[in-house]
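Just so it is clear, none of the values below were taken in a lab; they were calculated from the coordinates. Computed from a prediction, not measured in an experiment: that's the story for all the values here. Neighbour counts are summed over all protein chains in view; Cβ atoms, including those assigned to glycine, are modelled from backbone coordinates with ideal geometry.
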Amino acid sequence: MEQDFGSGSPAVMATANFRCSLIADLVPKSVRSVLKSGLKPEDTLLSDYYQLVETVPSVEDFCRLRIISGLTPRTAEGVRLGLPNSCYGVHICWQNTVVGMGRIVGDGAINMEIVDVAVDPEHQGRGLGRKLMESLANWLDKNACDGAYVTLMADVPELYEKFGFMRVSPVSEGMARVWKRTKTT
């Protein structure tokens, strides 16, 4: 699934070399034993199982997943401009459908934010959010500088606390603004 974001962006490099792997602990033991016998994933009926893909999803899948998971909708134009600027992205497929996603944005070293973590409601409660966060945390372990400040907006604080995230109030308070362009004449 190649995506053309233009040359040079981190998302392009991730897409060109993305890894797709089965989420082993979500695959039944009987299938895992078949795979251990030497069969390759493509030789089995693995379309019934979850696959972790280390790249951002397509613009269409991103927009669809935000809506069905209850996140604020984003315009396709904005997503098309934004996804290539991701430091890292990951998504989960089930039967060739994107059912989970997450990404990291920022400068890639000292200030980053985990954003767009979403799981299709029909697939929630199966550990997919945890798998997304594990993948994001692994990327941070390899790429973030010591002392890097990584933030997120926690709709499900319990999930993020498992990965060492803490509420920052009252020391700091999160702030946000939904940006509207000022019209110039």
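Between the stretch 120-146 and the stretch 166-184, the alpha-carbon centres lie 24 Å apart. Remark: the stretch 94-105, residue by residue, has Karplus-estimated 3J(HN,Hα) of 9, 6, 6, 10, 6, 10, x, 7, x, 8, 10, 10 Hz, where x stands for each Gly or Pro and the curve is 6.51 cos²θ - 1.76 cosθ + 1.60 at θ = phi - 60°. Taking 15 Å as the cut-off, the amide N atoms of the stretch 112-144 that come nearer than this to a point 7 Å along the Cα-to-beta-carbon line of R74 belong to 113-119.
For the stretch 50-129, the direction-averaged projected area of the alpha-carbon convex hull comes to 5.2 nm². With each label modelled as a point 7 angstrom along the Cα→C-beta vector, the V156-E134 pair spans 1.5 nm.
Over the stretch 119-175, the pair-distance histogram of Cα-Cα distances with 10 Å bins from zero comes to 18, 48, 28, 5 percent, rounded to whole numbers. Sequentially through the stretch 75-88, phi angles give Karplus couplings (6.51, -1.76, 1.60; θ = phi - 60°) of 6, 4, 4, x, 5, 4, 6, x, 4, x, 8, 5, 6, 7 Hz, Gly and Pro residues having no value and appearing as x.
What is the calculated FRET efficiency for R167 to D146, with r their C-beta to C-beta distance and R₀ = 22 Å, to the nearest 0.05? About 0.45, to the nearest 0.05. Near the amide H of Y50, within less than 5 Å, lie the amide hydrogens of I23, all on another chain or at least 5 residues away, with H placed in the peptide plane. The magnitude of the dipole of the stretch 69-185, with charges of +1 and -1 set on the Cβ of Lys/Arg and Asp/Glu and taken from the Cα centre, is near 420 debye. Here's how it looks for S86: its modeled amide H is under 5 Å from those of A11, which are all 5 or more places away or on a different chain.
Over the stretch 73-114, the alpha carbon radius of gyration divided by the compact-protein estimate 2.2 N^0.38 Å works out to 1.32. Show the residues, 5+ positions off or on another chain, whose built amide H is closer than 5 Å to the amide H of V56. Hits under the 5 Å cutoff: G89.
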